[in-house]
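The values are calculated or read from the model by the stated rules, or taken from the named source; none is laboratory data. It should be emphasised that the depicted structure is a prediction, and the values quoted were computed from it without experimental measurement. So basically every Cβ, Gly included, is an ideal-geometry build from the backbone, and we count neighbours across all protein chains shown. What goes into the accessible areas is simple: the full protein's heavy atoms, side chains included, and nothing from ligands, DNA or RNA. Shrake-Rupley method; radii C 1.70, N 1.55, O 1.52, S 1.80 Å.
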Amino acid sequence: MVASNPVAGHLDSLLGINEKGEGAARALAPVLMPGAPLDQTYDYLVPEGLVIEPGAFVLVPFGPQTRIGVVWDAPLGGSDRPLDPKKMKALTERLDVPALPLSSLKFAEWIANYTLAPLGMVVRMMMSAQAAFEPVKPRFGVRHVPDAADPPRMTPARKRALDLARDGLIRAKSALATEAACSTGVVDGLVASGNLVEVVIPERRYPVPNADHRVTDFTREQAEAVHALVSAVDGGGFSVSLLDGVTGSGKTEVYYEAVAETLRKGQQALIMLPEIALTGQFMNRFVARFGCLPAEWHSALSPAERGRVWRAAATGEARVVVGARSGLFLPYSDLGLIIVDEEHDAGFKQDDRVHYQARDMSVVRGSLGKFPVVLASATPSIESHVNARTGRYRHIILPGRFTGAELPEVKPIDMRAHPPEKGQWLSPVLVDAVAATLADRQQSLLFLNRRGYAPLTLCRSCGHRFECPQCTAWLVEHRFRRRLNCHHCGFSLPIPETCPKCGEEGSLVACGPGVERVAEEVRERFPEARVALLSSDLIPGLEEMRRIIGSIESGEVDIIIGTQIVAKGHNFPLLATVGIVDGDLGLSMGADPRAGERTFQLLHQVTGRAGRALTKGRGFIQTHMPEHPVMEAIISGDREMFLDREIDMRRRGVLPPFGRLAALVISARDKDLAETFAREVARRAPRVDQIEVLGPAEAPISIVRGRHRWRLLVKAPRDKNIQGFLRAWGDALPKIGGDLRLTVDIDPYNFL
Ligand code: ADP
Ligand code: ZN
């Protein structure tokens, strides 16, 4: 009830309304407008007889429009608003949608405060299931009518359909037609003859996963880890555990026990995975452990499915949700555990509208909701390592692989000493290793984190290079699709026959390799091998991805060539050899403080795919700098040495997690406008001891979609209030109008 909250109660008494709000013709509700770039609520009168509580979704008049609003638990901002009831509008109705729980409201406020995103935008993220806000459309199916006389004309098709329907189940017309191998016209005919009747198909419900469906036998080390996690769930309260174990050590099996314990307590659990790791493999393992599928949440869901998951999270019907980062914002009625698998993955950072890091926000959610959070990875982030070392997180280590298989031996291939043949990208050393693996009837994986055929195309005759007309970027050749594409804005053109500059025919040459080019080389060298090319732009969706992963698992593929989508959580039991085509690729990322860490994680994850089950795997890294510390750490397998060095560098540089960063990106179509404004922004930076403002500097990708971009970077020690600093700065800025744009990114992961 509105009256149950102190501030609204205060307003009520001003307006002379009783405590309970009963018959409260003029009770007031503070309403937030999701989707609007606003932090404040607006007061609306609550019509008599309408019961609303904080979190309820309501329709309200807002200017000339009617909008969906969320009743907040207290008025926010705009304290100078008039309290003249005559000027106030009443909310129109309450939507038949479960209210956002109070925990969601508090979480939204926290995120808005931390990321500096308007609260309205954060709450909009919590509603990303349009269908949940529309009335559920009943779906119709057909059921057999037992006592009806046979249809006048009994064709074989009619007989097949009737025989199937005799089991009494309700089926969609199309489903029955498919099963009976007849047209839907046949089904319609049986409805007309009264042998089938149309009925509403009941909405599917999520089955309840069974905590004790299967009992897992754990090794001693695993059992200790299970015990630690289960007692964290049992004891209740907020805690963070870092589950740190090599690939194949059984982290998934171990954290499933924490999920089971949460189920036993009657609470909900969320397992977050990088989007691309949400494969059938993971779901099958879940079914094996819990006896049924979890609710899934990812971008490939149909709108209706999204609506169903959203509602089921709110009602508590969905006990376990397995999802991508936005699964964090579902309206869980009683969330009791979050698992963040592959917690180091940069895909947990959203760089669009609300800039948030889902791993970090999970920890916040756990702390607000007072429940445990588990971060799992074979290569935890430096941030999590530091938190584990300082004791802020519980550090749970799984030292070896469950199968006892050893981690692959990783060798550098010095490309200066063993260069590939001209126009090729694989060193003879790597070619020999793949050939040997093929001869042993085992799988090889070649990894290159670059989509397309070639990163640059130029004219042999005049030297013309193909550049995106709207971005500072070369166009990437995608030979399979016969196009040149910009990976920043999506600009695309067919590969021309002649050079647009000098008109020479057939003069275009591809420079450098992408995965498609490596695949071409492999197909030429190993024509008998079965090759699978995994690149996000070639695979239309998660379903297709699941199919390909399945065929790799079952040994229908000899050589896998892929971008980073192969690095994420897949388990390829037959994989024996892994080759990194360009180990140096990530290390040249100039300003990015995480470049070394990310390269280490990626190379370690990819090489770690080898030899998980039967054989000892081998990893090869093609590099021009085998003496680079990151390369040495991967090759020697000395993770602690790498961590010590990396942590020390971060500490000395006051970089995350020892310091906080915020990036400001200023952009405009007009080059001078962007630059002038960026300099103005810099000039108006407040002066605060120990907080550094670097820049403005032209962004490394200085033009994207025709917008000129400038960057500023704020560096502050951990204990400084960087949000307060940025707010004060924002207040000191001239109004940003017209074509100018300023985005603020707290804890940036992207420095381009
Ligand atoms: P991680 O998540 O650390 O990569 P997984 O949980 O995927 O490791 O385990 C690797 C493989 O070993 C999986 O096939 C898993 O089913 C199996 N496994 C791990 N621990 C056990 C166990 N205690 N009993 C049976 N199988 C296990
Ligand atoms: Zn572009």
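Go through the residues of the range 721-743 one by one and say whether even a single one is of a type in the set (A, V, I, L, M), under 30 Å from residue 600 (Cα atoms) and at pLDDT 95 or above. So that I can check it myself, show each step before the final result.
Here is the first cut: in the range 721-743, the residues of a type in the set (A, V, I, L, M) are 722, 726, 728, 732-733, 736, 740, 742.
Next, from what is left, pick out any that are under 30 Å from residue 600 (Cα atoms): 722.
Now narrow it down to the ones that are at pLDDT 95 or above: 722.
Within the range 721-743 (the criterion being of a type in the set (A, V, I, L, M), under 30 Å from residue 600 (Cα atoms) and at pLDDT 95 or above), the answer is yes, since at least one residue qualifies.
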Quick check, is residue 368 more than 16 Å from ligand 2 (Cβ to nearest atom) and open to solvent by less than 10 Å² (accessible area, probe 1.4 Å)?
no
Restricting attention to the range 290-302, does a residue exist that is among the charged types (D, E, K, R), open to solvent by 10 Å² or more (accessible area, probe 1.4 Å) and away from ligand 1 (no atom under 13 Å from the Cβ)?
yes
Which condition number does residue 379 fail, the rest of (1) more than 22 Å from residue 301 (Cα to Cα); (2) at pLDDT 95 or above being met?
(2)
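Condition check: in contact with a Gly (Cβ under 9 Å, 6 or more places away or on another chain), under 22 Å from residue 586 (Cα atoms) and surrounded by 14 or more Cβ atoms within 10 Å (Cβ to Cβ). Does residue 454 satisfy that? Spell out how you get there, then give the answer.
Details: in contact with a Gly (Cβ under 9 Å, 6 or more places away or on another chain): yes; under 22 Å from residue 586 (Cα atoms): yes; surrounded by 14 or more Cβ atoms within 10 Å (Cβ to Cβ): yes.
So residue 454 fits the description; yes.
Kindly establish whether residue 494 is of a type outside the set (Gly, Ala, Ser), touching a strand residue (DSSP E or B) at 6+ places or on another chain (Cβ under 8 Å) and within 16 Å of ligand 1 (Cβ to nearest atom). Steps first, please.
Values: of a type outside the set (Gly, Ala, Ser): yes; touching a strand residue (DSSP E or B) at 6+ places or on another chain (Cβ under 8 Å): yes; within 16 Å of ligand 1 (Cβ to nearest atom): no.
Considered against the rule, which asks whether it is of a type outside the set (Gly, Ala, Ser), touching a strand residue (DSSP E or B) at 6+ places or on another chain (Cβ under 8 Å) and within 16 Å of ligand 1 (Cβ to nearest atom), residue 494 comes out as no.
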State yes or no: is residue 397 more than 32 Å from the chain's Cα centre (by Cα), closer than 22 Å to residue 633 by Cα and surrounded by 14 or more Cβ atoms within 10 Å (Cβ to Cβ)?
no
Hey, among 630, 665, 688, 654, which residue is β-branched (Val, Ile, Thr) and within 30 Å of residue 420 (Cβ to Cβ)?
630
Go through the range 157-175 and give me each residue that's more than 47 Å from the chain's Cα centre (by Cα) and either loosely packed, with under 11 Cβ neighbours inside 10 Å or β-branched (Val, Ile, Thr) (or both).
none
Conditions (1) crowded, with 17+ Cβ neighbours inside 10 Å; (2) assigned to a loop (DSSP other than H, G, I, E, B); (3) of a type in the set (Val, Ile, Thr): number failed by residue 634
(2)
How many residues does the range 176-232 hold that are free of Cβ contacts under 8 Å to residues at least 24 places away in the same chain, of a type in the set (Ser, Thr, Tyr) and open to solvent by less than 60 Å² (accessible area, probe 1.4 Å)?
1
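Could you tell me whether residue 724 is without any contact (Cβ under 8 Å) to a residue 12 or more places away in the chain and away from ligand 2 (no atom under 16 Å from the Cβ)?
Yes, satisfied.
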Test: residue in the range 450-472 that is more than 26 Å from residue 504 (Cβ to Cβ) and either out of contact with any Phe, Trp or Tyr (no Cβ under 7 Å at 6 or more places or on another chain) or within 16 Å of ligand 1 (Cβ to nearest atom) (or both):
yes
Of the numbered conditions (1) surrounded by fewer than 24 Cβ atoms within 10 Å (Cβ to Cβ); (2) under 27 Å from residue 135 (Cα atoms), residue 318 satisfies every one except a single condition; which is it?
(1)
Residues (crowded, with 22+ Cβ neighbours inside 10 Å, away from ligand 1 (no atom under 16 Å from the Cβ) and not in a loop (DSSP other than H, G, I, E, B)) located in the range 384-394
385
Within the range 476-490, tally of residues that are more than 8 Å from ligand 2 (Cβ to nearest atom), out of contact with any helix residue (DSSP H, G or I) (no Cβ under 9 Å at 6 or more places or on another chain) and open to solvent by less than 10 Å² (accessible area, probe 1.4 Å)
1
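Would you kindly identify the helices (runs of 4 or more DSSP H) lying entirely within the range 69-169 that contain at least 3 residues that are out of contact with any strand residue (DSSP E or B) (no Cβ under 7 Å at 6 or more places or on another chain) and farther than 19 Å from residue 184 by Cβ? Outline the logic, then answer.
Values: elements: 102-115, 119-125, 156-165.
Correct list: 102-115.
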Being among the charged types (D, E, K, R) and in a strand (DSSP E or B) is the filter; apply it to the range 328-365 and report the residue that is surrounded by the most Cβ atoms within 10 Å (Cβ to Cβ).
341
Would you confirm, using the coordinates I've provided, whether residue 496 is over 28 Å from residue 573 (Cβ atoms), within 16 Å of ligand 2 (Cβ to nearest atom) and either at pLDDT 90 or above or loosely packed, with under 15 Cβ neighbours inside 10 Å (or both)?
no
Condition (residue is at pLDDT below 95 and surrounded by fewer than 24 Cβ atoms within 10 Å (Cβ to Cβ)) applied to the range 255-275: is it met by at least one residue?
yes
Considering only the range 665-694, state which residues are in a loop (DSSP other than H, G, I, E, B), aliphatic (A, V, I, L, M) and under 32 Å from the mean Cα position of the chain (by Cα).
691
Top-ranked residue in the range 438-450 [being closer than 12 Å to residue 529 by Cβ and out of contact with any strand residue (DSSP E or B) (no Cβ under 6 Å at 6 or more places or on another chain); ranked as surrounded by the fewest Cβ atoms within 10 Å (Cβ to Cβ)]
439
When the residues of the range 404-437 are filtered to those that are farther than 16 Å from residue 578 by Cα and open to solvent by 80 Å² or more (accessible area, probe 1.4 Å), which remaining residue is nearest to ligand 2 (Cβ to nearest atom)?
422
Does residue 380 satisfy the criteria of being within 16 Å of ligand 1 (Cβ to nearest atom) and either buried (at least 22 other Cβ atoms within 10 Å of the Cβ) or part of a strand (DSSP E or B) (or both)?
yes
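Every residue, every condition in (1) within 16 Å of ligand 1 (Cβ to nearest atom); (2) in contact with a Ser or Thr (Cβ under 9 Å, 6 or more places away or on another chain); (3) part of a strand (DSSP E or B), yes or no:
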site	(1), (2), (3)
696	no, no, yes
703	no, yes, yes
708	no, yes, yes
716	no, no, yes
728	no, no, no
735	no, no, no
743	no, yes, yes
Scan the range 683-712 for residues that are open to solvent by 40 Å² or more (accessible area, probe 1.4 Å), of a type in the set (A, V, I, L, M, F, W, C) and either touching a residue at least 60 places away in the same chain (Cβ under 8 Å) or over 20 Å from residue 655 (Cα atoms) (or both) and jot them down.
703
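Would you pick out the residues in the range 194-228 that are in a strand (DSSP E or B) and of a type in the set (Asp, Glu)? Even if it seems obvious, please write down each step before you answer.
To start, the set of residues in the range 194-228 that are in a strand (DSSP E or B) comprises 196-201.
The one that is in a strand (DSSP E or B) and of a type in the set (Asp, Glu): 198.
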Every pair of residues 6+ apart whose Cβ atoms lie under 7 Å, when the first sits in the range 465-478 and is at negative phi while the second is in a loop (DSSP other than H, G, I, E, B) and β-branched (Val, Ile, Thr)
477/495
